[in-house]
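Peer 1: Take this structure, written in structure tokens, and hold onto it; I'll ask about it next.
Where a number appears in this text, it was derived from the coordinates with a stated rule and is not lab data. Since the model is a prediction, treat every value here as computed from it, not as a measurement. So basically every Cβ, Gly included, is an ideal-geometry build from the backbone, and we count neighbours across all protein chains shown.
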Amino acid sequence: RMAFLLRSGQYISSSRDPQDFWQQLMFSLQADHPDLPFAILYSVNPDISESASEASDHSQNRNWVLQGKVRVSDTCSDIPVAATDQSMELFLPTFSELIRSGNPTLLRAEDNSLPDFIARDMRVPDRALEKAAVFLPIRSTADSLLGFLVLGLNPRKRFDADYRVFIELLTRQLATSLAVSIPA
């Protein structure tokens with residue numbers, strides 16, 4: 001996990017603008033890591049008249065753009081390429097709550113918080129503990145919501161305190177690097 005954080009930090013810290021940040025993040029997620037079996041990345045596509053740093057978490061007109069997916073079947077048509085806040089509810093039924101919480105949130109198949117199509121398409125070993133993912137809002141240090149990740153979790157490991165620390169460190173790393181890549 002620490003090696004992943006170091007490697008991803010090297011990629012995303014070199015970002016010069018938000019689009020480069022998303023590309024570098026996707027590149028860092030490509031590495032096959034057992035604790036991150038899949039990833040889906042979205043960014044806010046701000047209106048031309050609204051800069052990324054002015055995008056409001058309370059705006060009902062946010063447009064979300066799929067920046068990429070890693071180890072997710074190309075046949076999965078339930079992942080929208082572009083969506084609004086309202087239509088994103090079809091993808092993630094608790095989307096508005098996830099965004100408002102502002103913190104990484106555990107999505108589990110057993111309590112139906114993990115979307116069915118993700119739970120259905122996950123390849124899970126016979127002795128898996130559970131099918132789960134984490135919803136990770138990506139904010140700049142100014143606390144503006146600029147994107148989110150849905151990260152698959154290792155089905156053979158519990159989402160314990162160590163896993164939580166890993167996700168928290170990743171969250172901080174993303175916020176810091178994204179803030180640097182946003183022009184003032």
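Peer 1: Less than 13 Å Cβ to Cβ from Met26, Lys/Arg counted +1 and Asp/Glu -1: what total charge do the surrounding residues give?
Peer 2: Residues near Met26 contribute +1 overall.
Peer 1: If you don't mind, there's one more thing I want to ask. Relative to the present Cα-Cα distance, how much length would full extension add between Phe117 and Val81 at 0.36 nm per residue of separation?
Peer 2: 11.4 nm
Peer 1: Next question, about the same structure. What is the spin-label model distance, in nm, from Asn103 to Asp160 if the labels are put 7 Å beyond Cα along the C-beta direction?
Peer 2: So the label points at Asn103 and Asp160 sit 2.1 nm apart.
Peer 1: With Cβ to Cβ distances under 11 Å as the rule, what net charge do the other residues near Ala83 carry (K, R +1; D, E -1)?
Peer 2: -1
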